[in-house]
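In what follows, a structure is listed as structure tokens, so that the remarks can point back to it.
Quick note: the coordinates plus some simple rules give every number you see, no bench work behind them. Treat the numbers as computed from the prediction; the structure is a model and nothing was measured. Here the Cβ positions follow ideal geometry from the backbone for every residue, glycine too, while neighbour counts run over all protein chains shown.
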Amino acid sequence: MKDPIPLSDDAAEATDFERSLLQMAQEERLPGDARLEIWAGIAKQCLPAVAVLPAAKLSATHWGVQLAPWTKGLILLAGLSGLGTGGYLLLKKAPITAPPAAVVAQAPAAVVTPSSAEPVAPEAPAVAQVGTEDAPHPAAREATPASSHDVASRETTLRDESLAVLEARRTLRSGDAAQALRLLDQARQRFPKGALGQEREALTIEALAKSGNAASAKRRAQAFLHAYPKSPYAADLQSIANP
Amino acid sequence: MTLTEIYAQHADFVWRTVRRLGVPEAEANDSVQDVFVVVHKSLSQFEGRSSLTTWLFTICRSVARERRRRSRRDRDAHDDTSVEEEVDLRADVARTAEHNQRLMLLETILSGFEVEQRNVFILFEIEKLTGEEISEVLAIPLGTVYSRLQLARKAFKQALTRNEARERFQEVRAGGRS
């Protein structure tokens, strides 16, 4: 038996209206804001349970039973930081690019390889800081086991960063673009290599536009789109980049 | 794959699926979160025997079912809305919440489908899974996939025809009033 052609591709079976309706549904995407908020919720729900595991328990049972995947996770983490292209794949597609370490530890084998990554888009000057969270660091090239303290600390940072960016977003949505810019700048200083570079930059561009700094917003929006054409925020920023 | 990778690549799919499975827009974000919390808990048990998409759909279906049940229970506690009114109510909620009129129309149409037909229709016509994949995720024979798809397509076309007729009627009625 052979599959029929989906209606959205079958002009003989479906009317233009039927096809456009289905194509629209196929192209529907999670809004950028919701993407960030949902991920913050997931981080909040999933990470604390692992973060509070006592170090002794981690070493006695968790390490003992799950040493192999744990090690793979650490290697992946190091690889993301050190190899660039794999990290870029995540950065490009994910709102939060740094994998929660404990989650990685539980995952099956790591699958991100340089060969599966998309080509790196040329970095644009105005968003040079966007995504530096995955920038190569010489020390990260050697996969060394992280302590449970490192893991917990990374998770706490991830949560704090999510909250900081969410606070800036809430402020922006409430209409205070100037304060939102200040909060975003604070977040940038506090988490210079944070996981939410794209979110932060997209919100900064939006805040600049809303505070009347159209030229700067436009320049940064164009740079952002150049660097991340497939970002979930791309559609929202198009109107700022090309007013 | 890690949770982050799965979220990055499949959050849109999960969001579309829970919406198309009848989760109201106001609860869609929470439902997506629920799905990924389940993914987080079960990832180590995922053996890759089915594709990731089919595994995610199974989780979406179960989360959406629970959400619908909870919504129904909450509503029952406050009033005695009948099942038939329930569908209309959901359409109204979608109408006020959804900006896109066509997507709203599609949601209304899908909410009127038999559950079995709706699942096949979503997976084949919107997510473009193959018949084999749908057969696997829904645990039904391939022939059943095709027959349900045929019925769903017929229902889809009929619903659109009905909608068009209703719109024309309203236009005529509005014209008669002016």
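When ranked by the protection proxy of mean other Cβ atoms within 10 Å per residue, highest first, what sequence do the peptides B:145-151, A:24-30 form?
Per-residue mean Cβ counts within 10 Å order the peptides as B:145-151, A:24-30.
Amide H to amide H, which residues 5 or more places from residue A:3 or on other chains are under 5 Å from it, using H placed in the peptide plane?
none
Go through segment B:152-165 residue by residue and turn each phi into a ³J(HN,Hα) via Karplus (6.51, -1.76, 1.60, θ = phi - 60°); whole Hz please, and just put x for glycine and proline.
5, 4, 5, 5, 4, 5, 4, 5, 5, 4, 4, 5, 5, 4
Output the pairs from A:44/A:218; A:44/A:193; A:218/B:128; A:2/B:157 with a Cα-Cα distance over 26 Å in this structure; if there are none, say none.
A:44/A:218; A:218/B:128
I need the phi-derived Karplus couplings for segment B:108-125: 6.51 cos²θ - 1.76 cosθ + 1.60, θ = phi - 60°, integer Hz, Gly and Pro marked x.
Running phi through 6.51 cos²θ - 1.76 cosθ + 1.60 with θ = phi - 60° gives 5, 5, 5, 5, x, 6, 4, 3, 4, 6, 4, 4, 5, 4, 4, 5, 7, 7 Hz.
Given a Förster distance of 60 angstrom, what is the FRET efficiency for residue B:163 paired with residue A:214, based on the Cβ-Cβ distance and rounded to 0.05?
E(calc), rounded to 0.05, equals 0.90.
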